[in-house]
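One structure is given below, encoded as C-alpha cells.
The values are calculated or read from the model by the stated rules, or taken from the named source; none is laboratory data. Note that the coordinates shown come from a computational prediction; the quantities given were computed from them, not determined experimentally. Positions of Cβ are generated from backbone atoms using ideal geometry, with glycine treated the same way; all protein chains shown enter the neighbour counts.
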C-alpha cells in the first residue's frame with residue numbers, strides 16, 4: 001500500500017474512532033462500557049485522536065502542496081526491492097505500513113457501528129455467575145450508604161448497608177424499592193428469585209453480577225433475565241454467621257431497563 | 001487558474017475528508033441494526049446475544065486501554081523527537097546490575113501501563129537503552145509507577161499486599177533484566193525495527209538536517225510518529241482484546257473458581273486469570289480485591305505481579321519488539337518466578 005493511501009486511511013480511522021468515542025460520551029452510552037470514573041479520560045483520548053487525525057490530514061495536504069510546487073520527489077511506494085534514498089521527509093520503519101494494521105485498528109469502529117451500543121445482557125450471568133454478598137471491589141467510603149433513604153437504595157447499596165451497619169438486624173423491616181433483572185438459579189425454591197445488577201469497577205471486562213434474594217410466590221412465572229421493579233420490605237437472615245439481606249416482595253412489576261444499567265462500586 | 005486548483009486541493013481535501021467522515025458516522029446513527037434478536041429463531045437469537053455481549057466486553061476493554069496506548073505512543077514520539085541519543089548515553093548505567101535495577105525504577109519517571117510501555121520501550125531501545133534495562137523497565141514500569149502505586153494503595157491499604165506487589169515486581173523485573181544482561185548481542189534478541197539506529201542504519205548520518213527544525217514542525221513529527229505507532233501496536237492490542245473478550249464470554253468463570261484455596265493451584269489459577277482478563281494495570285488492584293476474600297493471598301499477589309507483566313495483549317505487542325524466542329523467555333522467566341513467589345508466600349503466610 002502506498003504511503004499516501006496508508007496515511008489517508010490512518011487519518012480516516014483515527015478520526016472515526018475519535019468521533020465514535022465523542023458520540024458515546026455525548027449520548028451517555030459510554031457508561032455501557034466503562035465505569036464513570038474513566039469518562040474524562042476517554043473524552044481526552046477522543047480529542048487526542050481527532051488531533052492526531054488532523055495532523056495526518058495536514059501532513060497529507062502539505063505533501064501534496066510541496067509535490068505540486070516541485071520541492072520534493074514524489075513519494076515512493078514501498079513495494080518491490082527498489083533502492084530508495086532518504087531525501088524526502090518521513091521517518092517510519094520500513095515494512096510496517098501494511099493494510100492489515102488498518103483493518104485491525106478499524107475493527108472496534110466497525111463493531112461499534114454495526115452493533116448499536118448495548119450493555120452486557122443478563123444472559124451473561126450464566127457464564128459469569130452471580131454473588132449475593134458484596135465481596136466486590138469497593139472504592140466508595142464505607143458507611144456512606146447508610147445516609148441514603150431506604151427506598152432509594154440499589155442492590156449494591158443494600159449489600160453495603162448490611163456490611164456497614166453496626167447492627168445489621170436493624171435493617172429488618174425497612175421498605176425497599178429495587179430495580180434489576182430476574183435470575184432464577186437451578187435448585188432455588190419456587191417462591192424465590194434473585195434480583196440482579198452488574199457492577200463495573202473499570203470496564204465491562206471486570207463486570208460481576210450481584211443479586212438479592214427476593215421472596216415472591218409467583219417467582220416461577222417471571223421471565224428469566226427480564227427487568228423488574230420489586231417493592232417490599234427487607235428481611236435480614238443469618239447465614240453461616242453472616243447477615244444476608246432478603247426482600248419480601250409485595251409487588252413485582254415489569255420495568256424498563258434503567259438508562260444506566262450497571263452499578264459502580 | 002492553476003493556482004486556484006492548488007488551493008482547492010491543498011485546503012479543501014483535508015476538510016472534505018473530515019466532512020465525509022462526520023457524515024458517514026451521523027448517517028450510520030439513523031440506520032443502525034436495531035433489534036436483531038426479535039426477528040430471528042431462538043437458537044440464532046442466542047448466538048446474536050452472545051455476539052453482542054462479546055462486542056460489549058471487547059469495546060469495553062478497548063475503550064479502557066486506548067487512552068493508555070495513546071499516552072504510550074505519544075511518550076514514544078516525544079522521546080524520538082526531543083531526546084538526544086548522545087545525551088541519554090551519558091546518563092545510562094554501564095553495568096548489568098545498574099541497568100537492571102535502574103530499569104525497574106524507570107517507571108517512576110514514565111508513568112505508563114502495560115499497553116503504553118511497549119512502544120515506549122521499543123523507542124528507548126532505538127535510542128540506545130541497554131537490553132537489561134529495557135527488559136526490567138518493560139516488566140516493572142506497569143506496576144512501579146505513581147499511578148498504579150496509588151490505585152493499589154487505595155484498594156489494599158499500606159499492608160502486605162501493597163509492599164509485596166512492589167517488592168516482588170521489582171525483584172522479578174530486575175532478575176529477568178539481569179539474566180538478559182548475559183544474553184549477549186542485542187541484535188539476537190530484538191527485531192530490526194527495535195534495534196538502535198547504529199545497528200541497522202549505520203550508513204545513514206545521524207544528524208541529517210544541519211538546521212534545527214522549528215518547534216511546531218517537531219511537534220507535528222512527534223504526533224505523526226505517535227499515529228504510526230498507534231496503528232502498529234494498536235493492531236496487537238485489538239487482537240489481544242478480542243481474544244480476552246472471547247475467553248470471557250465463552251469460558252464459564254466458575255470453571256476457574258472451584259480451585260481457590262489450594263496453595264499452588266490457586267496461584268496458577270489467578271495467574272491464568274490475570275492473563276485471560278488482560279485488565280489494565282492502573283485498575284487491576286480493584287479487580288483483585290474482588291477475589292481477595294475467596295482466593296489465597298499468595299494467589300492474589302501473583303495476580304497483581306504477573307498480570308501487568310504479561311497478558312494476552314501485551315504478549316502480542318512484545319512480538320513487535322523482540323524475536324519469538326526472546327518473547328518466550330520474557331514470559332517464562334517471570335511466570336516461574338511468580339508461581340514460586342506466590343506459593344512460598346502462601347506457605348509462609350499460612351494461605
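Those residues that are without any contact (Cβ under 8 Å) to a residue 40 or more places away in the chain, closer than 18 Å to residue B:336 by Cα and within 13 Å of chain A (Cβ to nearest Cβ), I need them from the range B:276-306; list them, please.
Within the range B:276-306, B:276, B:303 qualify.
Please verify whether residue B:246 is at pLDDT below 85 and either in a helix (DSSP H, G or I) or more than 7 Å from every other protein chain (Cβ to nearest Cβ) (or both), treating the condition exactly as stated. Can you show your working first?
On the way: at pLDDT below 85: yes; either in a helix (DSSP H, G or I) or more than 7 Å from every other protein chain (Cβ to nearest Cβ) (or both): yes.
Taking the combined requirement at face value, the residue satisfies it.
Within the range A:19-42, can one find any residue that is farther than 20 Å from residue A:119 by Cα, buried (at least 22 other Cβ atoms within 10 Å of the Cβ) and more than 7 Å from every other protein chain (Cβ to nearest Cβ)?
No.
Has the range B:100-107 got any residue that is closer than 30 Å to residue A:204 by Cβ, within 17 Å of the chain's Cα centre (by Cα) and more than 13 Å from chain A (Cβ to nearest Cβ)? Step through it out loud before you land on a result.
So in the range B:100-107, the residues closer than 30 Å to residue A:204 by Cβ come out as B:107.
Add one more test, that the residue is within 17 Å of the chain's Cα centre (by Cα), and what stays is B:107.
Narrowing the set further to residues that are more than 13 Å from chain A (Cβ to nearest Cβ) leaves B:107.
Yes, the range B:100-107 has at least one match.
Please go through (1) closer than 30 Å to residue B:252 by Cα; (2) at pLDDT 85 or above for residue A:127 and return the number of the only condition it doesn't satisfy.
Tallying (1) closer than 30 Å to residue B:252 by Cα; (2) at pLDDT 85 or above, residue A:127 fails exactly one: (2).
I'd like to know if the range A:233-240 contains one or more residues that are closer than 26 Å to residue B:246 by Cα and in contact (Cβ under 8 Å) with a residue 60 or more places away in the chain.
Taking the range A:233-240 and keeping what is closer than 26 Å to residue B:246 by Cα, we get none.
Looking through the range A:233-240, none of the residues is closer than 26 Å to residue B:246 by Cα and in contact (Cβ under 8 Å) with a residue 60 or more places away in the chain.
Among all residue pairs at least 6 apart or on different chains, which show Cβ distances below 7 Å where the first residue, located in the range A:199-219, is facing chain B (nearest Cβ under 8 Å) and on the phi > 0 side of the Ramachandran plot and the second is surrounded by 24 or more Cβ atoms within 10 Å (Cβ to Cβ) and assigned to a helix (DSSP H, G or I)?
From residues that are facing chain B (nearest Cβ under 8 Å) and on the phi > 0 side of the Ramachandran plot, there are no pairs.
Inside the range A:219-249, can you point out the residues that are part of a loop (DSSP other than H, G, I, E, B), more than 18 Å from residue A:176 (Cβ to Cβ) and in contact with a strand residue (DSSP E or B) (Cβ under 8 Å, 6 or more places away or on another chain)? It would help to see each step written out before you state the result.
First, pick out the residues of the range A:219-249 that are part of a loop (DSSP other than H, G, I, E, B): A:222-226, A:240-241.
With the extra rule that they be more than 18 Å from residue A:176 (Cβ to Cβ), the set shrinks to A:223-226, A:240-241.
Of everything in the range A:219-249, those that are part of a loop (DSSP other than H, G, I, E, B), more than 18 Å from residue A:176 (Cβ to Cβ) and in contact with a strand residue (DSSP E or B) (Cβ under 8 Å, 6 or more places away or on another chain) turn out to be A:223, A:224, A:225, A:226.
Would you check if residue B:261 is modelled with pLDDT under 80 and over 29 Å from residue B:46 (Cα atoms)? Give the steps one after another, and end with the answer.
Details: modelled with pLDDT under 80: yes; over 29 Å from residue B:46 (Cα atoms): yes.
Taking the combined requirement at face value, the residue satisfies it.
Going through the range B:320-351 one residue at a time, which ones are in contact with a strand residue (DSSP E or B) (Cβ under 8 Å, 6 or more places away or on another chain) and part of a helix (DSSP H, G or I)?
Filtering the range B:320-351 down to residues in contact with a strand residue (DSSP E or B) (Cβ under 8 Å, 6 or more places away or on another chain) leaves B:321-323, B:326, B:330.
If the condition is that a residue be in contact with a strand residue (DSSP E or B) (Cβ under 8 Å, 6 or more places away or on another chain) and part of a helix (DSSP H, G or I), then B:326, B:330 are the ones that fit.
Which count do you get for residues in the range A:6-17 that are buried (at least 24 other Cβ atoms within 10 Å of the Cβ) and more than 7 Å from chain B (Cβ to nearest Cβ)?
Total satisfying the criteria: 2.
Given the condition at pLDDT below 90, in a helix (DSSP H, G or I) and crowded, with 24+ Cβ neighbours inside 10 Å, answer yes or no: does some residue in the range B:304-311 qualify? Write out each step before concluding.
From the range B:304-311, those at pLDDT below 90 are B:311; that's our starting set.
Still in the running and in a helix (DSSP H, G or I): none.
Scanning the range B:304-311 turns up no residue that is at pLDDT below 90, in a helix (DSSP H, G or I) and crowded, with 24+ Cβ neighbours inside 10 Å.
Given (1) touching a strand residue (DSSP E or B) at 6+ places or on another chain (Cβ under 7 Å); (2) modelled with pLDDT of 85 or more, where does residue B:64 come up short, assuming only one miss?
(2)
Considering B:100, B:89, which residue is modelled with pLDDT of 80 or more, over 19 Å from residue B:233 (Cβ atoms) and assigned to a helix (DSSP H, G or I)?
On the way: B:89 fails: modelled with pLDDT of 80 or more.
So the residue among B:100, B:89 that is modelled with pLDDT of 80 or more, over 19 Å from residue B:233 (Cβ atoms) and assigned to a helix (DSSP H, G or I) is B:100.
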